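K.L.:
Have a look at the structure that comes next, please.
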Amino acid sequence: MDKILYFFKTFLLVELVKGLLLTGRHFFQRKITVQFPEEKTPYSPRFRGLHAQRRYANGEERCIACKLCEAVCPAMAITIESEARPDDKTRRTSRYDIDLTKCIFCGFCEEACPVDAIVETHIYEYHGEKRGDLYYTKPMLLAVGDKYEAEIAERKAADAKYR
């Protein structure tokens, strides 16, 4: 009896018919495809996108060159060089680079920063035609921070009670 049942299952291609029925059922269900540039999906309030460096209200950059973000980065995507200022004997970064091709957007750099100098924005629409276009330098990061400072400050204030 088992041989006869096995013969009919293989001869009638029962598994193939089951698969086609499943495909046919899903063919008539509502589609969930999103036409991206015109239609955008909502994202989480804690979404981590493009990095930005912030400044204080007086225009001075916040980064104090403590290099905690470089040390905590698991992908080793951050490179920092610092030098002491001769006028007030404080350290500031002379070079601050983030390689976004290496970055895994974990947010550890943002959590480690004691002065909230490096933040991850909600920007997810950025691209590069060459690999070097995704290598963000200090002036590029400061420009992003200057452009989106109001949004960054608002998001930080909304998230303050959870930190």
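K.L.:
For a footprinting-style exposure proxy, rank 80, 64 by other Cβ within 10 Å, fewest first.
P.N.:
Ranked by crowding around the Cβ, least crowded first: 64, 80.
K.L.:
Each residue of segment 148-163 in order: what ³J(HN,Hα) in whole Hz does its phi give by Karplus 6.51 cos²θ - 1.76 cosθ + 1.60, θ = phi - 60°, with x for Gly and Pro?
P.N.:
Once θ is set to phi - 60°, the couplings for segment 148-163 become 10, 4, 4, 5, 5, 5, 5, 5, 5, 5, 5, 9, 4, 6, 9, 10 Hz.
K.L.:
Here's another thing I want to ask about it. Subtracting the Cα-Cα distance from 0.36 nm times the residue separation, let me have the gained length for residue 12 to residue 160 in nm, one decimal.
P.N.:
Stretched fully, the residue 12-residue 160 segment lengthens by 46.9 nm.
K.L.:
Between residue 3 and residue 87, what is the label-to-label distance in nm when each label sits 7 Å out along the Cα-to-Cβ direction?
P.N.:
Here the modelled spin labels are 9.7 nm apart.
K.L.:
Where nothing but the Cβ of Lys and Arg (+1) and of Asp and Glu (-1) is charged, how large is the charge dipole of the chain around its Cα centre, in debye to the nearest 20?
P.N.:
Approximately 680 debye in magnitude.
K.L.:
Before anything else, pin down the relative contact order of the chain: Cα pairs under 8 Å, at least 6 apart, normalised by residue count, whole percent.
P.N.:
24
K.L.:
Would you mind pulling out the separation of the Cα centroids of segment 122-161 and segment 1-67, in Å?
P.N.:
For segment 122-161 versus segment 1-67, the Cα centre distance is 25 Å.
K.L.:
Sticking with this one: Please work out how much length the chain gains when fully extended from residue 100 to residue 124, using 0.36 nm per residue of separation minus the C-alpha to C-alpha distance, in nm with one decimal.
P.N.:
This chain segment gains 7.4 nm when fully extended.
K.L.:
Beyond 27 Å between alpha-carbons counts as too far, so tell me which of 138/161; 31/102; 102/156 fall in that bin.
P.N.:
The answer is 138/161; 31/102.
K.L.:
Short version: ³J(HN,Hα) in whole Hz for each residue of segment 74-81, in order, from phi by Karplus 6.51 cos²θ - 1.76 cosθ + 1.60 (θ = phi - 60°), x for Gly and Pro, what are they?
P.N.:
Per residue, the Karplus-derived 3J(HN,Hα) values read x, 8, 6, 8, 9, 10, 10, 10 Hz.
K.L.:
Same structure, new question: Can you put 14, 72, 119, 144 in order, fewest other beta carbons within 10 Å first?
P.N.:
Final ranking by Cβ density, sparse to dense: 14, 72, 144, 119.
K.L.:
Right, another one. List the aspartates and glutamates whose Cα sits under 16 Å from the Cα of residue 67, skipping any in the same chain fewer than 8 residues away.
P.N.:
Output for residue 67: 81, 83, 97, 99, 110, 111, 116.
Bear in mind these aren't lab numbers, they're just calculated from the coordinates by the rules spelled out. Every value quoted in this text rests on a predicted model; they were computed, and no experiment measured them. FYI the Cβ positions are ideal-geometry reconstructions off the backbone, even for glycines, and counts take in every protein chain you see.
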